[in-house]
Amino acid sequence: MEENKETTAPEQEAQQTEENLTEQLEKATALANDYKDKWMRNVAEFDNYKKRNVKLWQEAFFEGKADVLLKILPIGDNLDTAISMGLDEKTAEGLVLLRRKFNDVLSQMEVEEINPVGEKFNPQIAEAVMQVEASENDESETVKQVFQKGYKIKDKIIRYAKVSVVK
């Protein structure tokens, strides 16, 4: 009988040790899963942060580019006005070359001119500053004349065209 008691004591001790180790393993597994979950969330959050940052940089770059363009577009307007003034041939030729170079720079910067003459008036790209009476060939709500050219970069308007619209 004494042998039985001695064998049961080590067995009980081994069982308690096994339960203790199992409990420790469960706690360690739960802790590892918690750390893994937090790590995965941080990785996803950092990825989102990088995407937001790229978008913010792109928007800031576009805004800066648009701001500079808004300041130089009047130069092109003035060149157009000067060209239409009927100056001597050499001066007009020089102004046309300057305007062509100006257009090349705008093209390199992916700037497109908005010229809605003859199209149905679209407030998304133009600002109506005047209404004119319709003549025989004019359709109602179409753009008759552009007073100031509009410009856009890709799909974003940087300056709306100022136009007259047929009543």
- [ ] Take the Cα radius of gyration of region 28-119 and divide it by 2.2 N^0.38 Å, with N its residue count; two decimals is plenty.
- [x] 2.12
Open item on the list: Return the Rg/Rh ratio of the chain with Cα-based radii and a Kirkwood Rh.
Closed with: 1.63
- [ ] Give me the orientation-averaged projected area of the Cα convex hull of region 72-123, in nm², one decimal.
- [x] 4.7
Open item on the list: Could you tell me the ratio Rg/Rh of region 1-72? Both radii from Cα atoms, Rh via Kirkwood.
Closed with: 1.72
Task: Charged-residue dipole, Cβ positions (Lys, Arg, Asp, Glu), the chain about Cα centre, Debye nearest 20 - done: 1540
Open item on the list: For region 66-153, compute Rg over Rh where Rg is the Cα radius of gyration and Rh is the Kirkwood radius from the inverse mean 1/r over Cα pairs.
Closed with: 1.03
Open item on the list: If you restrict to DSSP beta bridges whose two residues both lie in the chain, what percentage is antiparallel, to the nearest 5?
Closed with: 65
TODO: Divide by every residue of the chain the summed helix terms, -39500 (n - 2.57) for each DSSP H run of at least 4, and state the resulting mean residue ellipticity at 222 nm, rounded to the nearest 500 deg cm²/dmol.
DONE: -23000 deg cm²/dmol
Open item on the list: I'd like the FRET efficiency for R41 and Q148, computed as 1/(1 + (r/R0)^6) with the beta carbon distance as r and R0 of 35 Å, rounded to 0.05.
Closed with: 0.10
TODO: Specify which residue in the list L31, N20, L70 is farthest towards the positive end of the charge dipole of region 1-127, using unit charges on the beta carbon of Lys, Arg (+1) and Asp, Glu (-1), about the Cα centre.
DONE: L70
Open item on the list: To check you understand DSSP bridge types, tell me what percent of the beta bridges within region 103-167 (both residues inside) are antiparallel, rounded to 5.
Closed with: 65
- [ ] Check the straight Cα-Cα distances from K27 and name the aspartates and glutamates below 18 Å, setting aside those fewer than 8 residues away within the same chain.
- [x] E18, E19, D37
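Since every read-out is calculated from the coordinates, none of them should be taken as a lab result. Everything quoted here is computed from the prediction, not taken from an experiment. We place every Cβ from the backbone using ideal geometry, glycine too, and count neighbours over all the protein chains shown.
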